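Have a look at the structure below before the remarks.
The values are calculated or read from the model by the stated rules, or taken from the named source; none is laboratory data. All values derive from a computational prediction rather than experimental measurement. Virtual Cβ from ideal backbone geometry, glycine too; neighbours counted across all protein chains shown.
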Amino acid sequence: MTVPSTPASHLPWLAELAASGEPLFTDDLRDDFRAKWDRIQAGFVDEPRRAVEKADELVALTIERLAESFRQERNRVEERCESDRAGTEDLRLLLREYRALFQRLLAL
């Protein structure tokens, strides 16, 4: 990940993002992914090709879960945006949420 050259104090959305962004994965799921990776890495000595195949599967699964996490977050924001009665302030807040979501995507 590239570190921006602009200090974080000059990027108010960065503080907002850090404070409001939920983890991409639950602790249990993250721990499960790490445990699977540890098993894959340990298995490389005995079965290198199998370890690489399993690594590919785990990366694909992780990407799928990540996409689902962002899809759910986007749907949550989108549902709030569908109201025809949303005023300018409501829309401004929704745009901020979309910006935070977008910034999380770019930070990956």
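Taking the options 76, 96, 49, name whichever one is out of contact with any helix residue (DSSP H, G or I) (no Cβ under 6 Å at 6 or more places or on another chain), more than 23 Å from residue 25 (Cα to Cα) and part of a helix (DSSP H, G or I).
49 is the lone residue from the list that is out of contact with any helix residue (DSSP H, G or I) (no Cβ under 6 Å at 6 or more places or on another chain), more than 23 Å from residue 25 (Cα to Cα) and part of a helix (DSSP H, G or I).
Out of 65, 30, 49, 99, I need the residue that is loosely packed, with under 12 Cβ neighbours inside 10 Å and modelled with pLDDT of 80 or more. Which one?
49
Among the residues of segment 79-92, which ones are assigned to a helix (DSSP H, G or I) and either surrounded by 12 or more Cβ atoms within 10 Å (Cβ to Cβ) or among the hydroxyl-bearing types (Ser, Thr, Tyr) (or both)? First the steps, then the outcome.
First, pick out the residues of segment 79-92 that are assigned to a helix (DSSP H, G or I): 79-81, 88-92.
80, 81, 88, 90, 91 - these are the residues of segment 79-92 that are assigned to a helix (DSSP H, G or I) and either surrounded by 12 or more Cβ atoms within 10 Å (Cβ to Cβ) or among the hydroxyl-bearing types (Ser, Thr, Tyr) (or both).
Just checking, which of 42, 60 is modelled with pLDDT of 95 or more and either farther than 30 Å from residue 99 by Cα or assigned to a helix (DSSP H, G or I) (or both)?
42
Identify, please: which residue in segment 68-96 is of a type in the set (Asp, Glu) and within 22 Å of the chain's Cα centre (by Cα) and is, among those, modelled with the highest pLDDT? Steps first, please.
Quick first cut of segment 68-96, residues of a type in the set (Asp, Glu) only: 68, 73, 78-79, 82, 84, 89-90.
Filter once more, keeping what is within 22 Å of the chain's Cα centre (by Cα): 68, 73, 78-79.
Numbers: 68: 89, 73: 79, 78: 76, 79: 77.
Looking at residues that are of a type in the set (Asp, Glu) and within 22 Å of the chain's Cα centre (by Cα), I get 68.
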